[in-house]
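Worksheet for the structure shown next.
The values are calculated or read from the model by the stated rules, or taken from the named source; none is laboratory data. All of these numbers come straight from a predicted model, not from anything done at the bench. Cβ placement follows ideal geometry from the backbone for every residue including glycine, while neighbour counts extend to all protein chains displayed. Note: accessible area is taken over every heavy atom of the protein model, side chains too, but ligands, DNA and RNA are not part of it. Shrake-Rupley method; radii C 1.70, N 1.55, O 1.52, S 1.80 Å.
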Amino acid sequence: MAEIVQQRIEDRIPELEQLERVGLFTKKEVKATALEYKLHRLIVNKEDFIAYIQYEINILELIKKRRAVSVYKFKREEIEFPIIQRINSIFKRATNKWKDDVQLWLSHVAFCKKWGTKGQISKVFSTMLAIHPDKPALWIMAAKSELEDRDSSESARHLFLRALRFHPNNKKVYQEYFRMELLHCEKLRKQKQELERAAMDLGEYEFSPEILSGKLVEVVYRDATGKIKGSKFRLCDINKLLFDIFYPLIFLNLQTNYTEDSVTWDFMAKRELDAPGAGEELQSAKGRASDINRREERCCQVYEEGVKSLNTESMWTCYVAFCLERQKRKTNVQELKEQRQERLLGVLHRAHDGSLLKEDYYKNWLQILLSSGDAEGAASVAMAATQRYSQSVSVWSLSLQTLIQLGSADVGKLFQDALTHVDPKESLPLWQLQVQWSVANQSPEETEAVFKRGLLSAVPAVAMEMKAAYLDWSHTTGGYKKTPKMNNLRDYYERALQEFGSSDDGERSSSALKEQDSDRELVLA
């Protein structure tokens with residue numbers, strides 16, 4: 001073992017001498033050798049390899065910083081390159097020993113990318129995939145690396161095809177393969193256009209007609225859509241890439257086979273936003289607003305066709321989400337702002353009438369009505385929401401808060417209705433809201449009646465909260481002298497102490513309880 005270590009140390013002598021000779025390291029700094037011995041013990045730990053790798057990387061980082069300070073750019077082949085080769089060798093020894101550690105493999109890849117050994121990346125991925133062919137994500141990473149780091153579309157394509165042999169029905173592999181071919185096709189088309197504009201001879205360049213015309217992309221697309229169902233794959237960020245030559249193929253496929261999917265209609269509707277503008281009209285703010293409004297109207301026309309063909313909650317959700325997103329966009333043109341709001345309110349109302357409006361959108365609906373001063377409309381929507389989602393605590397809370405804000409006379413009765421519909425185990429927010437409302441709007445006798453009903457709750461969390469709140473309210477409203485039944489109050493307090501205890505139980509802190517105890521002693525004395 002000592003001989004091997006000594007040989008490796010001697011192999012490092014030239015680079016160490018160079019570091020000292022050019023002034024990047026001192027003589028003392030080049031003498032660290034202890035880590036090498038650890039890799040030749042009978043029992044070797046993974047941590048020893050990682051520590052050694054990190055040690056060598058730290059040396060590289062230090063050299064890089066000192067080169068920047070000294071502006072010394074020479075002797076890289078004699079200094080950095082041997083260190084990089086040594087780190088690659090250590091990584092290889094580690095991954096050979098711990099083949100199942102994917103993170104170790106990926107750390108090696110990351111090192112190769114950072115320190116410019118891109119030729120080594122292909123070898124690392126090749127060895128890793130031979131051991132881990134069952135992981136689609138690694139195939140995708142390897143193919144992307146070939147395309148992005150080495151600019152080799154051929155190698156990337158080869159890896160994707162191999163990946164599909166192992167994972168013939170994997171949606172993500174097909175998506176990334178399709179996207180890669182789209183990007184490569186667009187890149188070649190742009191290169192060809194630039195060369196033609198420069199009037200350069202294309203003889204020395206090879207542009208495959210099958211790739212430029214989109215034939216290869218079409219093959220991948222048809223193969224994928226034949227094996228993977230659902231329109232979400234077919235969209236595959238195509239709306240972001242905007243490759244004109246592929247839109248007819250994809251659009252026709254969606255219209256023909258997938259009109260029963262709300263994602264299809266959503267995609268087709270939003271395409272209308274990308275329609276060309278109206279030239280001279282775009283010169284003024286009002287003209288631009290008018291053009292935008294026309295595009296949004298065209299989108300809505302497609303959504304209207306969608307809800308006629310597919311009258312489902314998911315379809316209405318797409319429609320409402322679109323209108324809400326447009327309504328939230330800022331504009332200085334009041335007419336456009338009003339048109340967007342009117343459009344959104346109409347869609348919300350129609351979705352609600354069909355019992356197809358999602359719970360979350362009632363909050364948006366109420367906010368718009370309240371901000372526009374439509375108190376009657378807000379009250380009507382609040383009541384309608386509780387009928388549509390009668391078991392939802394959040395809907396009851398939102399509706400009751402809205403009715404309280406509007407000063408409705410029916411709030412007291414509605415609290416009772418709410419508590420009869422929701423799950424008692426989830427009712428605490430409603431009890432807390434009712435107490436706040438009663439204290440602010442009802443007589444002490446009516447508020448005490450609310451507390452007493454809460455004290456009798458079979459849900460421990462509600463009963464304990466009501467006991468504590470009742471004691472606080474009793475004290476702030478005049479102490480025990482104004483409490484009709486002193487024995488009941490004393491009993492409630494004693495039971496609260498038994499349940500809460502004198503230490504923090506997750507509900508109250510010890511210091512708060514002690515302070516409360518002293519207050520109660522004064523009240524009950």
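For the stretch 409-420, the set of residues classified as open to solvent by 90 Å² or more (accessible area, probe 1.4 Å) and assigned to a helix (DSSP H, G or I) consists of 413, 420, listed by residue number. For the stretch 56-109, the tally of residues that are over 30 Å from residue 130 (Cα atoms), part of a loop (DSSP other than H, G, I, E, B) and touching a residue at least 40 places away in the same chain (Cβ under 8 Å) stands at 5. Scanning the stretch 390-422 for residues that are among the aliphatic types (A, V, I, L, M) and more than 35 Å from the chain's Cα centre (by Cα) yields 404, 406, 409, 411, 414, 419. Within the set 78, 47, 29, the sole residue that is charged (D, E, K, R), at pLDDT 85 or above and over 20 Å from residue 145 (Cβ atoms) turns out to be 47.
Looking only at residues in the stretch 80-109 that are open to solvent by 60 Å² or more (accessible area, probe 1.4 Å) and either more than 13 Å from residue 50 (Cβ to Cβ) or among the hydroxyl-bearing types (Ser, Thr, Tyr) (or both), the one that is farthest from the chain's Cα centre (by Cα) is 81.
Each residue in the stretch 303-337 was checked for being assigned to a loop (DSSP other than H, G, I, E, B), touching a Ser or Thr at 6+ places or on another chain (Cβ under 8 Å) and of a type outside the set (A, V, I, L, M, F, W, C), and 1 of them qualify. Look at (1) modelled with pLDDT of 90 or more; (2) closer than 28 Å to residue 172 by Cα; (3) not charged (D, E, K, R) and you find that residue 352 fails only one, number (2).
Taking residue 121 as the residue in question, decide whether it is surrounded by 18 or more Cβ atoms within 10 Å (Cβ to Cβ), in a helix (DSSP H, G or I) and on the phi < 0 side of the Ramachandran plot.
So residue 121 fits the description; yes.
With respect to (1) in a helix (DSSP H, G or I); (2) modelled with pLDDT under 90, the lone exception for residue 466 is condition (2).
Residue count for the stretch 156-182, restricted to those that are surrounded by fewer than 17 Cβ atoms within 10 Å (Cβ to Cβ) and of a type outside the set (Lys, Arg): 5. Look at the stretch 372-400: where a residue is farther than 16 Å from residue 416 by Cα and open to solvent by 60 Å² or more (accessible area, probe 1.4 Å) and a partner is of a type in the set (S, T, N, Q) and in a helix (DSSP H, G or I), sitting 6+ places away or on another chain with Cβ atoms under 9 Å, you get 372/341.
Residue check: is residue 362 hydroxyl-bearing (Ser, Thr, Tyr), within 27 Å of residue 301 (Cα to Cα) and surrounded by 15 or more Cβ atoms within 10 Å (Cβ to Cβ)?
Details: hydroxyl-bearing (Ser, Thr, Tyr): yes; within 27 Å of residue 301 (Cα to Cα): yes; surrounded by 15 or more Cβ atoms within 10 Å (Cβ to Cβ): yes.
Taking the combined requirement at face value, the residue satisfies it.
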